[in-house]
Amino acid sequence: MSSLPSRGSLCTTGTPLKVQVRPARPCVCTRARQIRAAQGPVGEARRAVLFALAIGSGALQVSAAAAAASTSCTDFKTSASGLQWCDIQEGSGKSPTKGASIKAHYTGRLASNGAVFDSSYERRRPLTFKVGIRQVIAGWDQGIIGSDDIPPMKEGGKRQLIIPPELGYGQRGAGGVIPPNATLKFDVELLGKK
């Protein structure tokens, strides 16, 4: 288990986030404990995303440059699971296998209004996690390692994912930022193995 963060820092990696901590708001440590209690045992990568979402509910300021950094796809393909994907740039490296530790940059938006709720680009630190073993939401696992009707990403590739609620945070939502039954749109850049 990770140590709890100091005010204004990311709990699982210790990397400071660019946040504006408001004195009237509860300490981010308190919010991290609330998330852990509400979510039960979760993987380190998933906890990092949830924590970033929690402080993002008013504290994380995602720059316009990060929000506009992605290229929008128009040719989405839809899998049997409901996940939609579109390759912005096909990578030239290897495809990850289930359980491999990988690094990925991402920007997450609500599909309903395009509001950015989290971005690893803004923190200047990619997310590191083991893919395919539910350390992240199911839509990410499918969108990165692929499935019967989704090709796997390759290192160096960039892909947009539109994730239906059942492959995202479902009826519970997340961190007060992602509402229940929200469809999510992610720009994912697969950087490679850890």
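The values are calculated or read from the model by the stated rules, or taken from the named source; none is laboratory data. Nothing here was measured: the structure is a model prediction, and the numbers come from that model. Cβ coordinates were reconstructed from backbone atoms using ideal geometry, including for glycine residues, and neighbour counts include every protein chain displayed. What goes into the accessible areas is simple: the full protein's heavy atoms, side chains included, and nothing from ligands, DNA or RNA. Shrake-Rupley method; radii C 1.70, N 1.55, O 1.52, S 1.80 Å.
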Of the residues that make up the stretch 103-115, is at least one more than 21 Å from residue 73 (Cβ to Cβ) and modelled with pLDDT of 95 or more?
yes
Filtered residues of the stretch 86-133 (kept if out of contact with any helix residue (DSSP H, G or I) (no Cβ under 7 Å at 6 or more places or on another chain) and of a type in the set (D, E, K, R)):
87, 90, 94, 103, 109, 123, 124, 125, 130
For the stretch 82-194, list the strands (runs of 3 or more DSSP E) that sit wholly inside it and hold at least 2 residues that are open to solvent by 20 Å² or more (accessible area, probe 1.4 Å); which are they?
84-89, 101-110, 127-130, 158-163, 184-193
Inside the stretch 164-186, can you point out the residues that are out of contact with any Gly (no Cβ under 8 Å at 6 or more places or on another chain) and without any contact (Cβ under 8 Å) to a residue 40 or more places away in the chain?
165, 169, 170, 171, 172, 173
Could you go through the stretch 116-132 and let me know if any residue there is under 13 Å from the mean Cα position of the chain (by Cα) and free of Cβ contacts under 8 Å to residues at least 12 places away in the same chain.
no
